[in-house]
Structures are given as C-alpha cells and as structure tokens.
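Following: one structure in structure tokens, then a few remarks.
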Amino acid sequence: MVLINHTSKEMIAKIVYYGPARSGKTTNLIKIYEFLPSGKKGKMLSLSTKEDRTLFFDLLPVEGGKVKNFNLRFQLYTVPGQVYYNETRKLVLKGADAVVFVVDSQKPMLEENKESFKDLFTNLSKNEIDPLEIPIFIQYNKRDCPSALPVEFLKREIGLSQYSYGEAVAIKGEGVMETYKEIVKLLIRKLKGEGEPIKIKEKKEEEKRLEDTHPKIEEAPIKIEEVPSYDKVEEVNLEKLIDERQRPTVVFIPPEEKIEELSPDYIVEEPEVTVEDTVIQITPSKEEEEEVFPQEKKQFSEFKEDLENILDELEKIKNLIEKLIKKIS
C-alpha cells in the first residue's frame, strides 16, 4: 500500500526482502546501505532476536525518482527466515508494495527455498495482498558456492520461471545494487499502471526431477556466510514501527478559491463626501452640562420660568376675550 503525503509531495513504497534463513537478505540491505551516498538514505533500524543477531529486519528509507510529480521514497525491509518466526514475517509483509525473493543457490537449500516461496504466497494472501499482482524480483544468491545449482534448474524446481531475476554474490556486493534497481523499475512500472499480473505456469508431468536431469555437483557442506556487521544499527520495536507506517497521514488540502467577476452593471460610483458629512455632533450628558456650563444653565432656567409665566398670562387673557365675545353675541 503506497503511502501518499500531499504536503511533502512524496509517495512512500515498501520493498520487502524475503527468503529462507541465511540466504543473504540482511547482507543485501547492509551492502545497499554502504553503496548509497549519505544524502540518499535514512537510518538503518533493526530488531534483534535472542538466538542470533542476524535474525532481524532492517528499514532503509531511500529516495527515488518521480511519479506524477510525486517524489518516490522506498523503505527496504528484511524478514527473519527461520520457520518459528512466521508471525514476524507476516507482520513485516503488511502493506508491502514489492518483494525481492532471495534464493540460496546451494543444493542442500533447495527444499528450504521451495518452502519459503510457498510461505511468501501464504503470508501475502493473509495480508490481503494478491501474490499475482505485486511486483516480485528473484535474486539467485551465493552463485560462488561449489554446490550452487544452475539457475534454470532452480527456476523450474521452485516455480520461478515467470519472474524477472538476477544472480548475485551478496557477501561480496556483487549483484546487490542491480537487484535493487530492478525491483525499483518493476515497482515504478506498477505505480504507473504499466505492470502486468504474473501468470503461473503449471508444471508439466513430463518434467524430470533433479536426480534425472541435473549433472552431479560436488558434494560440499552447506556454506554459512557471516552477515556483515554494522555498528550504526538502531534497534526498534517491530509492531510499533509497522503500526506507524500503516497509520494514514491526514492532510488538509484547502479548496481552491473561486473569484467571481462582476459585470459593469454592478459597479457604482462612490458618493462624494462633503465637509458636513464628516462633522460628528456630540450631545453632552446632564452631568457634563452641570459640570461644564453651570452659569449658562442657571440663566436658562430663569428664562424658562419667565416664559412659562408669560404663557399663563396670555392664556388668561385669551379666556377673558372668549367670555366677552359670548356676551356681545
């Protein structure tokens, strides 16, 4: 499930390196980390187990190209190969966007390769990822071992004929970056909608088994390679890290502002402003009048009283005149 961050314009894709125990998955990531320039990689994180420090997964954020104006960033994971770590493998596969299946080319590891590839399909399905839709690249590792089986034979026996592949000697760094680049190409094609689903070919009954078709190979003991040590690995909690990646990023995108154009009919001239319009009249309160105009208020009161007396006298005169008119008539 590719994560899209609209704020930073990033598409973050998850690539998981899968395969049997000690096939070279962790070695691949450590070598990639060493090859990449410091400005193109993030911190390497790990989850150690009690039994062996090689049984951990690594997280390696790597910047990529662009898809539809989004910058690509890849997170690379490995899974522990031991059978009893199946729940951890299933958890690491959650949300995967592409898979690199690392094959241990040694003859004694044939059955483990078959079981691991079958396990990959099962765990993808349990995570609701279609194994026939997700990009898968096959790396045939440990090609320098005396008991390494031919690639064509491994392809047929494990059921990998329909997948793109490459050969590698991861411990020496050979084929490591080539594998990384190929899975990135497949993933980008998928993101652009150019990828095609895998068509599984059924094995023909007439296909012969190893002992009938394969030339005798030197019976050499299985070669166990030491995983390169890396001092700058930070240990983290697996479930917390997976949960943080799965948590969707909520980004608020403001709607585009619509600008409405007005016709000339809606445009009116501003009225002219006169001096009178700018005068502000203030009516003083009673308290202000008594405080500011005490003498003027006293004079006004006396004038008002005199005026009221005059009005009373005029009213009396009016009444007398009315009475006189009635007597005459």
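The values are calculated or read from the model by the stated rules, or taken from the named source; none is laboratory data. Note that the coordinates shown come from a computational prediction; the quantities given were computed from them, not determined experimentally. Glycine gets a Cβ as well: all are built from the backbone with ideal geometry, and neighbour counts include every protein chain shown. Calculation scope for accessible area: heavy atoms of the full protein, side chains included, ligands and nucleic acids excluded. Shrake-Rupley method; radii C 1.70, N 1.55, O 1.52, S 1.80 Å.
For (1) within 27 Å of the chain's Cα centre (by Cα); (2) modelled with pLDDT of 90 or more; (3) among the small types (Gly, Ala, Ser); (4) not in a loop (DSSP other than H, G, I, E, B), each residue gets a yes or a no:
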residue	(1), (2), (3), (4)
Ile15	yes, yes, no, yes
Pro20	no, yes, no, no
Lys31	yes, yes, no, yes
Thr49	no, no, no, no
Asp52	no, no, no, no
Leu55	no, no, no, no
### Query
Which ones in the range 89-108 are part of a loop (DSSP other than H, G, I, E, B) and among the acidic types (Asp, Glu)?
Asp97
### Task
Give the residue, chosen from Val151, Val169, Val99, that is open to solvent by less than 60 Å² (accessible area, probe 1.4 Å), within 17 Å of Lys223 (Cβ to Cβ) and β-branched (Val, Ile, Thr).
Val169
### Summary
Taking the range 102-113 and the residues there that are open to solvent by less than 10 Å² (accessible area, probe 1.4 Å) and among the aliphatic types (A, V, I, L, M), the one that is nearest to the chain's Cα centre (by Cα) would be Val102
### Message
Condition first: open to solvent by 30 Å² or more (accessible area, probe 1.4 Å), within 14 Å of Ile15 (Cα to Cα) and touching a strand residue (DSSP E or B) at 6+ places or on another chain (Cβ under 6 Å). Now tell me which residues in the range 172-185 satisfy that.
### Response
Glu182
### Query
Which residues, counting only those in the range 105-140, are closer than 18 Å to Tyr163 by Cα and among the acidic types (Asp, Glu)?
Glu115, Asp119, Asp130, Glu133
#### Entry: Selected residue [of a type in the set (Ser, Thr, Tyr), surrounded by fewer than 16 Cβ atoms within 10 Å (Cβ to Cβ) and closer than 27 Å to Tyr85 by Cα] from Ser161, Ser116, Ser125
Ser125
